[in-house]
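Please treat every number below as a calculation from the coordinates, not as lab data. Remember, predicted model here, so these are calculated numbers, not experimental data. Cβ atoms come from the backbone with ideal geometry, glycine included; neighbour counts cover every protein chain shown.
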Amino acid sequence: MGKIRIERLNKELQRILNIAVTSKARDPRLTWVSITEVRVSKDMQHARVYYSYLEDSSVTPEVMQGVMTRLTGFMKRQIAAAHIMRVIPEITIVYDEVEQRAGRLDNIFQKLQNENDRDTDED
């Protein structure tokens, strides 16, 4: 399977699953969930689905991971309904921590900037 075709398939699966999770699933906790990336293996037997969500005090990351894991059957049915693959891959759900890491880096950069501003004010 060509690399370009896999990339297109990843994008299409991401689009399908985003629509399915945000509008077709009936769980209100999924309102602010976003499928950030899908990676299908070269043999197209496995797919990793990366997600992020707007954190809420009522929904812990562990609870959201459980909700998303229980949603894998629904996701597989949505992929099957799209008729874009002969074999529906096994889905692994992974929480995407990129936004949290970016927020921590922003905080570190902001602190460094504040310290730098204080040092230049003292000189």
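For this structure, a couple of remarks:
- Here's the picture: charge each Lys and Arg Cβ at +1 and each Asp and Glu Cβ at -1 in the chain, and of MET85, ALA102, VAL21 the one pushed furthest to the positive end of that dipole is MET85.
- Nearest-0.05 FRET efficiency for ASP106 and LYS76, computed from C-beta distance (R0 25 Å): 0.10
- FRET efficiency for the LYS42 to GLU97 pair, using the beta carbon distance and R₀ = 25 Å, is estimated at 0.50.
- Viscosity 1.306 mPa s, temperature 10 °C, Stokes-Einstein D of the stretch 63-123 from Kirkwood C-alpha radius, µm²/s: 102 µm²/s
- Fluctuation leader among GLN113, GLN100, GLN65 - the chain, Gaussian network, Cα springs under 10 angstrom: GLN113
- Look at (1) 1.70; (2) 1.39; (3) 1.06: the one that is Cα Rg over 2.2 N^0.38 Å derived from this structure is (2).
- Gaussian network model of the chain, springs between alpha carbon atoms under 10 Å - residue of ALA102, ALA20, ALA80 with greatest fluctuation: ALA102
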